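Read through the structure below, which is laid out as structure tokens, and then see the notes.
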Amino acid sequence: MKRINKEFLLSFFLFYLTLNLFYPYRSRITNYKVGDISKEDIMAPFDFPVLKNDEELKREMNITSLSVPPVLRAVEYNIEFSGMKKNIPQNIKKMIIDAREKGIVFDKNSLPQSFGDFYEITINDQSKIVTKNDFYSYNEIKKLIYENLLSKYDSIYSSEILKEIEPFIQPNLLLDIAETEKRRENAKKSVSREKSFIKKGQIIVRRNDVITQEILDIINSLKIAEKNTKKTNILTKFIRTQPLIILLIFVFLFILKEIWNGFFSQKKYIIITVLITFGIFWVYRIFQELVLIPLTPVSLCTMLLSLEGGLVSGLIYTFFLTSCFLIFSPYEIFSLLPIILGSIVGSIYIKNLKGRNDIIKLFIYVSTFTAIATLTTEIIQGKNIQKLFVEIIFSILNSGFSIAFLLGLLLIFERIFGISTNFSYLEFSNLSNPILSELIIKAPGSYHHSIMVGNISEAAAEAIGANSIVAKVGGYYHDIGKLERPEYFIENINPQINPHNELPPKLSVSILKSHIYDGVKIAKKYHLPEEIIKIIMEHHGSTIIRSFYEKAKDIYDNVDEKDYSYDGPTPSTKESSIVMLADSVEAASKSADFESEEDIKKLVDKIIEIKLEEKQLDNGNISFKDLKIIKEVFTKRLIAAYHTRIKYPKVSLK
């Protein structure tokens, strides 16, 4: 097991403090009568049961009884086909043996009812649970055999064979009535008389709600239980709550560690997540006191986490918040459920944000889904029309406030913590950016190559579900290091004057490799997002600079392959892998002479094959299924780009 690092412990400690700070440890009870309006939230100070009435108890006992599978006991007898008058076909013999092994009952419809149609078959004191479809009735197997015979023989002969084998398809499973009844009676006795169980900290009634008979029964049960039970003090409640809180935080952080690369390596992500959690619980407790739970901006938090750590991280955080709310106030989960479901929709859609129109669409999707979920949950709870309308308005306001505050928080977090989101990448995707403007002047060949790589990468990333904006911007900026010495790169070189002709191969390689380090330096100077800097560093991986390697071998006796390879690292993300492939494919296509669309496809296949052989994609989290899709996208894009250049057979015009 990997050692738990100090960042994990720091995160655990901060989340632990946050949850304990906002947990409702104090509780109280009040006296009411039916029809009164609750002036406050009433929370159970300790656990106590509510007994079921006779009708409820009888119904539950019946349900529990039916959940016990009826017992069928196997009765064995020998099968001897040799003494038969007719020659029984081998396939029919096999059907008989198979049916007897599975079991045959006289009539399935006469068997006792069972939930899920489960039954327990006992053979020689060994039992197994099966469904009604796992064994035969007498008529079923008889019909199957007869139909099988009719497919090969006439009806007269088939009837004769069927009559001959009837003794061997007699029922061999008998219902053990005594054992079944015994088990079901024991199941009935195991049913508790407790109608429900009120947990400590659970809200019995909310402020402004009407006290119904059911609620009053719970309150009265609490009074009775209070006479026999010592009130749980804050220290005892604290001690009892800790295992669940500790387990929840540990599981949440452990999953986050596995799915969010860099979460624990960069403290800013830990601080942001803790701040978000602190803020949501603080707002939740305030809105709880104001009876405004539907305005709790859960979607704000989950969408923010989705932008930073990806969709799965956002969904895991939603699960974490839901679990916390269940621990804090299980009675209010219905009020929070629409918000939680809306948060999931927001987390899914927010990765597609590429402009202002998408923000409006995000609001429409989240608010619509939240409103529908609110309508459904409120109808289930039987709320009146007036309150239903208010709750729906609250859900729409919640969506609007969450998205508005999201944009504000993103601006703050981007400035303070230097984090990057789709909005950051959108800024750098503007072709009027100073870096790209300089690139088109100093290195026009590199500029046009980069734009093509960015567009191809965007299409491929979108096709496999990766972040298309990151791939696009990564493609735009992957070669900005060539600004330092543009004349040494083939796309900017005058065909008649190649400066590498006058240089030793090793020096040429050093110049080519330097564009990686120069690119990182420029990217940091202009504060490009970390993901883009990573793509700049990784887009050549550790590939061999083949032309100068071969040139060196012609000149020198001993040539080390590492001296003529890029320094790496290899791509570590899907987006980085896509940019590497797009870069190689686009560059190779410039020097290729395509005779047909098949030539383009072969070029794409060959380049990806080489990258796989050189193990450049081993750490890129990219599957063979992804590569197949990427090949198709690259091929289509190159066909579109070079359509007019492809030569077609000459046709004589008459």
Working only within the range 497-537, note down all residues that are outside any helix (DSSP H, G or I) and either at negative phi or not assigned by TED's automatic domain parsing to the domain that holds Lys551 (or both).
-> Ile497, Asn498, Leu503, Pro504, Tyr526, Leu528, Pro529
Test for Gly475: is it of a type outside the set (Val, Ile, Thr), in a helix (DSSP H, G or I), out of contact with any Asp or Glu (no Cβ under 6 Å at 6 or more places or on another chain) and buried (at least 17 other Cβ atoms within 10 Å of the Cβ) | yes
Might you check whether a residue that is aliphatic (A, V, I, L, M), under 30 Å from Ile219 (Cβ atoms) and assigned to a loop (DSSP other than H, G, I, E, B) occurs anywhere in the range 102-118?
-> no
Counting only helices (runs of 4 or more DSSP H) wholly inside the range 128-222, the ones holding at least 3 residues that are among the hydroxyl-bearing types (Ser, Thr, Tyr) are 155-165
When residues of the range 290-318 are limited to those that are surrounded by fewer than 22 Cβ atoms within 10 Å (Cβ to Cβ) and free of Cβ contacts under 8 Å to residues at least 40 places away in the same chain, the one farthest from Ile246 (Cα to Cα) | Leu290
For Ile516, are the conditions met, namely being in contact (Cβ under 8 Å) with a residue 24 or more places away in the chain and under 30 Å from Leu307 (Cα atoms)?
-> yes
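The values are calculated or read from the model by the stated rules, or taken from the named source; none is laboratory data. Since the model is a prediction, treat every value here as computed from it, not as a measurement. Because the Cβ atoms are built from the backbone with ideal geometry, glycine has one as well, and the counts that use them run over all protein chains shown.
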